[in-house]
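The structure under discussion appears below in the form of structure tokens.
The values are calculated or read from the model by the stated rules, or taken from the named source; none is laboratory data. Because the structure is a prediction, the values reported are computed rather than measured. Every residue, glycine among them, receives a Cβ derived from its backbone with ideal geometry; neighbour counts consider all protein chains shown. Just so you know, the surface numbers come from the protein's heavy atoms only, side chains and all, with ligands and any DNA or RNA stripped out. Shrake-Rupley method; radii C 1.70, N 1.55, O 1.52, S 1.80 Å.
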Amino acid sequence: MRRRPRLLPACVLFLATIVASLGAQEPPSASDGSDASIVTAARLLDVRSGRMLERAEVLVEHGRIVQVASGGAHVEAKPGVARHDLGDMTLLPGLIDMHVHIDSDPQYGGYTYLQFNDRFWSMIAVGNARKTLMAGFTTVRNVGAQDWNDVGLQQAIDAGKVVGPRIVPATFAFGATGGHCDSTFFPPSMGQQNPYNADSPDEARKVVRELRKYGAQVIKICATGGVFSHNTEPGQQQMTYEEMKAVVDEAHMWGLKVAAHAHGAAGIRDAIRAGVDTIEHASLIDDEGIRLAKQHGAWLSMDIYNTDYTQSEGRKNGVLDDNLRKDREIGDLQRENFRRAFRAGVKMVFGTDAGIYPHGDNARQFAVMVRYGMTPIDAIRSATINAAEALGRDDVGAIEKGRYADIIAVQGDPTKDVTVLEQVRFVMKVGVQN
């Protein structure tokens, strides 16, 4: 212990030297054409207006969009700038999935995951990140991970060590002892529990502070029971209004948004009243919940694709019969309530629960959203400008001047056939083709 005070000044000096050297490195100048490129394609979808712009050109410098031209006009760039000529394709902004679990793999359900060391999940997150990015999702919100896996992955991606989307990490999702966010599959002799269970408003505030301290950029709570936990039912409320209000007040004070896992009607209503920003799943939302969501401006993130996968593949993957039973009971109800909420004018974002089904298949949800009442442009907006607004960001979600150059391209017109988004042909994130 006595050695630490003597080592600390040396560590500080070493870090200061590194920071100084990094600060001395100037980014390449766009004046000589470096770090700049032009992306051209037959069409560009303006997600804000819904209009398809013909003969599009996008000028990118230092990872940002500098200029957008269409209809025969050209961007103003110096000669020799690199070009990505995509021919008869359609450009869209990089997509955003607001509900993923990047360190999960649906192939291992029930107890089958116990065959692996804890660090296995941080390793598979790397492959999942690449699959997600190459599927056209340049930003994801990871609403719950074990062992800080999402923060570590985010840092590795940001440092250029790993290829993947921009990650908004929640770190540990938490809720009540014995609830959906706790460890519920083991007997007391094994002593398994979520280290961040919160059973009072004061405990909830403390958890928010600690998770933010170690990298959380959004706070995720479990307001109700869930499908893929033991000894909980989706409709059960498991956090009180006072606990949720404490979470929201603390998170908002720190500038963080709050997402609430909430299947049951009562839990949804209290979460909205408490000021939660996004309601995840919202499967059993009732008329009062829909009214409150509109009144408070809460976003719904409803994962209405993944039941197709879990019902066809779950048993083979080891998912327990009771979990499949809950999944069956809630799947169609959730989809019909998605239709009702959208018709009522509730704000919607695109969230898939990737990790319950294979990462990289995120875009399969678009077709289900259209089947249950959205137009293709509505579904696309849920994964672009709507998601960006729900994140509180104005640097993603659209191909517009000043935003990050997150650009994807598909063959065909996604406003006529949204399934073309399942085959992304070109992915650029922050001006770099992947």
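Within segment 409-434, track down each residue that is under 17 Å from Ala367 (Cβ atoms) and out of contact with any Lys or Arg (no Cβ under 8 Å at 6 or more places or on another chain).
Across segment 409-434, the qualifying residues are Gly412, Pro414, Thr415, Lys416, Asp417, Val418, Thr419, Val420, Leu421, Gln423, Val424.
Looking at Lys257, Lys245, can you tell me which residue is touching a Ser or Thr at 6+ places or on another chain (Cβ under 9 Å), in contact (Cβ under 8 Å) with a residue 12 or more places away in the chain and open to solvent by 10 Å² or more (accessible area, probe 1.4 Å)?
Exactly one residue qualifies, and that residue is Lys257.
Within segment 418-430, does at least one residue satisfy the condition of being open to solvent by 10 Å² or more (accessible area, probe 1.4 Å) and among the polar types (S, T, N, Q)?
Yes, because at least one residue in segment 418-430 is open to solvent by 10 Å² or more (accessible area, probe 1.4 Å) and among the polar types (S, T, N, Q).
List, please: which pairs have Cβ atoms under 9 Å, are six or more places apart or on different chains, and start with a residue in segment 287-310 that is touching a residue at least 12 places away in the same chain (Cβ under 8 Å) and closer than 12 Å to Tyr357 by Cβ and end with one that is of a type in the set (D, E, K, R) and open to solvent by less than 10 Å² (accessible area, probe 1.4 Å)?
From residues that are touching a residue at least 12 places away in the same chain (Cβ under 8 Å) and closer than 12 Å to Tyr357 by Cβ, the pairs are Asp303/Glu280; Asn306/Asp327; Thr307/Asp327; Thr310/Asp327.
Answer yes or no as to whether Ala383 is surrounded by 24 or more Cβ atoms within 10 Å (Cβ to Cβ) and aliphatic (A, V, I, L, M).
Taking the combined requirement at face value, the residue satisfies it.
Residues in segment 398-416: is at least one at pLDDT 95 or above, open to solvent by 10 Å² or more (accessible area, probe 1.4 Å) and farther than 18 Å from Ala56 by Cα?
Checked against the condition, which is being at pLDDT 95 or above, open to solvent by 10 Å² or more (accessible area, probe 1.4 Å) and farther than 18 Å from Ala56 by Cα, segment 398-416 yields at least one hit.
Being buried (at least 19 other Cβ atoms within 10 Å of the Cβ), part of a strand (DSSP E or B) and among the hydrophobic types (A, V, I, L, M, F, W, C) is true for just one of Ile219, Ile157. Which residue is that?
Values: Ile157 fails: part of a strand (DSSP E or B).
Within the list Ile219, Ile157, the selection yields Ile219.
Restricting to segment 304-330, name every residue that is in contact with a Gly (Cβ under 7 Å, 6 or more places away or on another chain), open to solvent by less than 10 Å² (accessible area, probe 1.4 Å) and part of a loop (DSSP other than H, G, I, E, B).
Result: Gly314, single match.
So for segment 269-277 (the condition being closer than 27 Å to Phe172 by Cβ, touching a Phe, Trp or Tyr at 6+ places or on another chain (Cβ under 7 Å), among the basic types (Lys, Arg) and in a helix (DSSP H, G or I)), does at least one residue qualify?
yes
Condition test on Ala266, is it at pLDDT 95 or above and surrounded by 20 or more Cβ atoms within 10 Å (Cβ to Cβ)?
Criteria not met by Ala266.
Applying the selection to segment 45-61, what residues are in contact with a helix residue (DSSP H, G or I) (Cβ under 6 Å, 6 or more places away or on another chain) and crowded, with 17+ Cβ neighbours inside 10 Å?
Selection gives Val47, Glu61.
Look through Ala77, Ala56 and report the one residue that is under 20 Å from Thr415 (Cα atoms) and in contact with a Gly (Cβ under 9 Å, 6 or more places away or on another chain).
Matching residue, one of Ala77, Ala56: Ala56.
Determine which member of the set Asp182, Asp147 is acidic (Asp, Glu) and surrounded by fewer than 21 Cβ atoms within 10 Å (Cβ to Cβ).
After ruling out the rest, the residue left standing is Asp147.
Filtering segment 115-125 down to residues that are open to solvent by less than 60 Å² (accessible area, probe 1.4 Å) and among the aliphatic types (A, V, I, L, M), which residue is farthest from Leu95 (Cα to Cα)?
Among them, the one singled out is Ile124.
Are any residues in segment 229-238 under 18 Å from Thr177 (Cβ atoms), out of contact with any Cys (no Cβ under 7 Å at 6 or more places or on another chain) and either open to solvent by less than 40 Å² (accessible area, probe 1.4 Å) or of a type in the set (A, V, I, L, M, F, W, C) (or both), and if so, which ones?
Matches in segment 229-238: Ser229, Thr232.
If a residue must be in contact (Cβ under 8 Å) with a residue 24 or more places away in the chain and either open to solvent by less than 30 Å² (accessible area, probe 1.4 Å) or closer than 20 Å to Arg393 by Cβ (or both), how many such residues does segment 62-81 contain?
8
How many residues does segment 33-44 hold that are among the small types (Gly, Ala, Ser), modelled with pLDDT of 95 or more and open to solvent by 20 Å² or more (accessible area, probe 1.4 Å)?
Residues meeting the conditions: 1.
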